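Below is one structure; the comments refer to it alone.
The values are calculated or read from the model by the stated rules, or taken from the named source; none is laboratory data. No experiment lies behind these values; they were computed from the predicted model shown. Please note: Cβ atoms are built from the backbone with ideal geometry, for glycine as well, and neighbour counts cover all protein chains shown.
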């Protein structure tokens with residue numbers, strides 16, 4: 001059965017679409033049969049493309065995300081996805097609360113298994129987007145290696 005993975009941040013325009021873009025390319029390159037998506041805990045950017053700076057960084061790094069559009073997490077996501085990966089501890093707390101309300105079954109956890117938060121680059125400069133993207137790539141690579149071993 002195809003594993004389904006959802007990446008979540010606050011607005012779904014910076015961190016989680018970057019994670020989705022990284023994951024879908026690495027999954028394809030590794031010949032894995034996983035489905036990925038991304039969402040935000042908030043609804044401010046629903047329907048919007050990822051942040052222009054994150055799109056630029058992702059394209060430069062070889063993981064274009066121009067086709068993605070923001071959406072908000074839904075109750076059914078806690079049943080439709082096997083794993084929901086939060087970008088930081090606040091997202092994780094919000095997701096755990098939503099999962100409890102939905103009585104969902106998804107495994108909800110941080111992207112970084114060492115407990116590191118992926119900082120939101122939204123209010124930072126260009127350097128913040130690069131650092132954020134590289135942290136996400138490392139987290140996604142580690143997660144995919146872990147999943148393959150299961």
Any chance you could count how many residues in region 94-123 are over 15 Å from the mean Cα position of the chain (by Cα) and under 22 Å from residue 74 (Cβ atoms)? 10
For residue 99: the one exception among (1) in a helix (DSSP H, G or I); (2) touching a residue at least 24 places away in the same chain (Cβ under 8 Å): (2)
Regarding region 102-125, can at least one residue be identified that is exposed (fewer than 14 other Cβ atoms within 10 Å of the Cβ) and touching a residue at least 40 places away in the same chain (Cβ under 8 Å)? no
Which ones in region 57-81 are surrounded by fewer than 16 Cβ atoms within 10 Å (Cβ to Cβ) and either more than 23 Å from residue 148 (Cβ to Cβ) or in contact with a strand residue (DSSP E or B) (Cβ under 7 Å, 6 or more places away or on another chain) (or both)? 59, 60, 64, 66, 67, 69, 74, 75, 76, 79
In contact with a strand residue (DSSP E or B) (Cβ under 9 Å, 6 or more places away or on another chain), part of a strand (DSSP E or B) and either more than 20 Å from residue 11 (Cα to Cα) or modelled with pLDDT of 95 or more (or both): is that true of residue 84 in this structure? yes
